[in-house]
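Below: the structure, in structure tokens.
The values are calculated or read from the model by the stated rules, or taken from the named source; none is laboratory data. Please read these numbers as outputs of a predicted model, since none were measured by experiment. Glycine gets a Cβ as well: all are built from the backbone with ideal geometry, and neighbour counts include every protein chain shown. Keep in mind that these areas ignore ligands, DNA and RNA; they rest on the heavy atoms of the full protein, side chains included. Shrake-Rupley method; radii C 1.70, N 1.55, O 1.52, S 1.80 Å.
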Amino acid sequence: MIRPLELLAPAKNLECGLAAIDHGADAVYIGAPRFGARASAGNSVEDIARLCSYAHQFQAKVYATVNTIIYDAELDEARRLMQQLQEGGVDAVLVQDLSLLASHASLPLHASTQTDNRTPEKVRWLRDLGFGRVVLARELSIDEIRAVHEAVPDVELEVFVHGALCVSYSGQCYASQYCFRRSANRGECAQFCRMQFDLVDADGRVVEHDRHLLSLKDMCQIDNLEALAEAGATSFKIEGRLKDVGYVKNVTAAYSERLNQLVRRHPDRYRRASLGHCRYTFTPNLQKTFNRGYTDYFARGRRPDIASFDTPKAMGEYVGVVKELSRNAFTVAGTARFANGDGLCFVNDERQLEGFRVNRVEGNRLFPQQMPAGLHPGLRLYRNSDQESERLLGKPSAERKIPVKLSLRPTPDGFCLSSGNATAEMAIGHQTAEKPQRENIVRQLTKLGNTPYECCEVDIPADFDFFIPSSQLAELRRRLVATLSSHPQIAHPAHSAHPSPSPHYPQPHLYNVANREAARFYGFNQPTAYELHPAQDAVLMQCRHCLRYTLGYCARNGGRRPTWHEPLSLRLGDGRTFRLEFDCRNCQMNVYA
């Protein structure tokens with residue numbers, strides 16, 4: 001059986017959604033007006049409906065995110081929104097709050113990564129509740145994804161392949177709520193994990209000073225797509241609902257091209273989940289897009305180089321080494337080409353990121369607007385703003401077309417133009433042509449212009465000797481295009497909720513139950529969400545990222561013997577501290593309030 005592979009791209013807004021489709025996405029996920037896990041990336045139902053109409057031309061899908069926890073006073077509004085999204089044509093809705101399970105049984109629901117999906121048992125539980133797709137935790141390895149698929153083969157698995165990484169398992173982070181009263185489960189994360197900390201031991205000794213100890217590099221799984229597909233992944237998800245349209249274009253195009261290569265290698269096993277092929281005016285390059293350095297995270301097991309301790313900001317692409325300095329300029333040793341206005345950066349001797357703008361370029365000699373204080377020969381230089389790339393991506397940069405084969409045949413009272421199962425007929429009197437008509441017929445029928453279609457072949461019988469006026473050929477073509485474009489919506493299988501015993505978490509607030517209906521579902525007397533009932537000594541984060549391992553002191557993995565006395569703590573500049581617990585049995589680091 002040939003399995004469809006779906007490239008799922010993010011959309012901050014309608015512009016990004018349309019660009020994602022044009023650049024090769026098989027599906028797009030977009031925030032609804034409220035209740036999305038990126039509160040600042042909401043969109044009107046009207047814009048989402050417009051995106052659905054455009055995407056469905058290519059049999060691409062649109063998923064709306066309604067994946068925050070919901071309070072009692074918001075339940076009616078959330079249900080109305082689900083109804084509006086269904087009427088607008090969305091193909092599924094991502095949810096976290098299980099109080100929405102009973103709403104709109106004809107609309108497929110996907111279990112958001114916010115539901116903390118890291119085990120086969122949890123995925124099976126969600127499937128039994130009626131979820132047709134589960135978005136897995138970013139932390140899972142390829143082998144762990146395979147184990148989930150083998151245990152629950154009848155649920156679609158969506159995996160993140162690119163973009164920013166949260167250091168905590170999604171849905172299990174309460175640090176932003178604790179520190180800033182901004183809940184990650186409400187789409188308002190203040191990015192606690194990107195802050196600077198001291199790492200201090202039980203004696204108050206500073207082990208690491210002023211470093212971004214919880215800040216991770218960005219994920220890049222472009223070289224693991226085949227392994228992920230073999231493990232059972234159905235949908236390959238790009239993170240970035242806060243990213244601009246240039247990011248969406250570049251990253252979507254890069255992954256679409258790589259998926260096409262995979263399909264070409266294994267046409268008997270895989271196909272793309274939507275129709276059409278793309279042509280680009282640029283060469284996709286992931287190094288030219290916002291990134292903090294790349295990692296494939298835990299795809300191949302635990303690795304020490306997943307964090308970005310020096311800076312949480314974008315480094316960009318490596319462009320060379322500083323060679324020599326003069327009063328107002330410097331030269332770069334490397335092969336990169338530069339442009340006026342490029343943004344460059346480097347990590348100085350104090351391990352701080354310094355950035356500057358290039359005012360003028362003369363070959364490999366660069367003239368900054370102002371010479372950076374920490375620049376000196378030998379430093380590695382990175383470009384985090386590429387003027388030429390931004391210029392190319394700032395204008396129309398792709399065209400997506402569905403190839404069609406047209407077939408023209410006479411009928412008893414006229415002519416029929418068909419493509420696959422779509423047909424258009426016209427009653428036109430048969431007139432014998434006085435001279436060959438094939439060239440004009442092909443020219444008229446292939447004028448598909450601004451439609452999603454592109455003619456790859458016109459099939460006309462060898463003995464076809466009829467004359468058809470150009471205006472009637474054009475009308476036949478228009479009728480066929482209308483038929484092709486009016487394909488039926490994909491039928492949505494009904495889902496049904498089957499209450500099951502809840503999974504067991506260490507603390508009740510980890511259920512993220514924020515309303516009475518969800519509480520009844522879990523068998524609680526009242527909502528238990530941390531946002532409503534902050535616990536005194538709560539687990540604020542559950543992290544697979546482990547500082548003891550990353551710093552080289554993991555006994556299980558052959559690390560050095562620690563010189564500190566535990567427990568260790570993270571300390572902010574204002575003096576607030578957060579105790580660390582190393583749960584070696586589960587290979588996990590917990591951060592406590």
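Numerical summary
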item: Output for the stretch 48-72, where each listed residue is among the hydrophobic types (A, V, I, L, M, F, W, C) and open to solvent by less than 10 Å² (accessible area, probe 1.4 Å); result: 48, 51, 52, 55, 58, 60, 62, 64, 66, 69, 70
item: Pairs, first modelled with pLDDT under 95 in the stretch 540-555, second not in a loop (DSSP other than H, G, I, E, B), C-beta under 6 Å, six or more apart; result: 554/548
item: Criterion violated by residue 284 - all others in (1) free of Cβ contacts under 8 Å to residues at least 40 places away in the same chain; (2) touching a helix residue (DSSP H, G or I) at 6+ places or on another chain (Cβ under 8 Å); (3) not in a loop (DSSP other than H, G, I, E, B) satisfied; result: (3)
item: For residue 404: the one exception among (1) touching a Ser or Thr at 6+ places or on another chain (Cβ under 6 Å); (2) at pLDDT below 95; (3) buried (at least 18 other Cβ atoms within 10 Å of the Cβ); result: (2)
item: Complete set of residues in the stretch 556-575 that are open to solvent by less than 50 Å² (accessible area, probe 1.4 Å), closer than 22 Å to residue 586 by Cα and either outside any loop (DSSP other than H, G, I, E, B) or without any contact (Cβ under 8 Å) to a residue 12 or more places away in the chain (or both); result: 559, 569, 570
item: Single residue of the stretch 287-306 satisfying the filter (closer than 30 Å to residue 395 by Cα and in a loop (DSSP other than H, G, I, E, B)) that is most open to solvent (accessible area, probe 1.4 Å); result: 290
item: Those residues of the stretch 257-274 which are assigned to a loop (DSSP other than H, G, I, E, B) and either closer than 15 Å to residue 26 by Cα or not charged (D, E, K, R) (or both), in sequence order; result: 266, 267, 273, 274
item: Residues of the stretch 518-546 classified as small (Gly, Ala, Ser) and in a loop (DSSP other than H, G, I, E, B), total; result: 4
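Here's the yes/no breakdown for (1) modelled with pLDDT of 95 or more; (2) outside any strand (DSSP E or B); (3) open to solvent by less than 30 Å² (accessible area, probe 1.4 Å):
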site	(1), (2), (3)
313	no, yes, no
321	yes, no, no
328	no, yes, no
331	yes, no, yes
340	yes, yes, no
344	yes, no, yes
351	no, yes, no
358	yes, no, yes
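One line per residue, one yes/no per condition, for (1) surrounded by fewer than 21 Cβ atoms within 10 Å (Cβ to Cβ); (2) without any contact (Cβ under 8 Å) to a residue 40 or more places away in the chain; (3) within 18 Å of the chain's Cα centre (by Cα); (4) closer than 22 Å to residue 8 by Cβ:
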{"site": "108", "(1), (2), (3), (4)": "no, no, no, yes"}
{"site": "128", "(1), (2), (3), (4)": "yes, no, no, no"}
{"site": "131", "(1), (2), (3), (4)": "no, no, no, yes"}
{"site": "138", "(1), (2), (3), (4)": "no, no, yes, yes"}
{"site": "158", "(1), (2), (3), (4)": "no, no, yes, yes"}
{"site": "163", "(1), (2), (3), (4)": "no, no, yes, yes"}
{"site": "173", "(1), (2), (3), (4)": "no, no, no, no"}
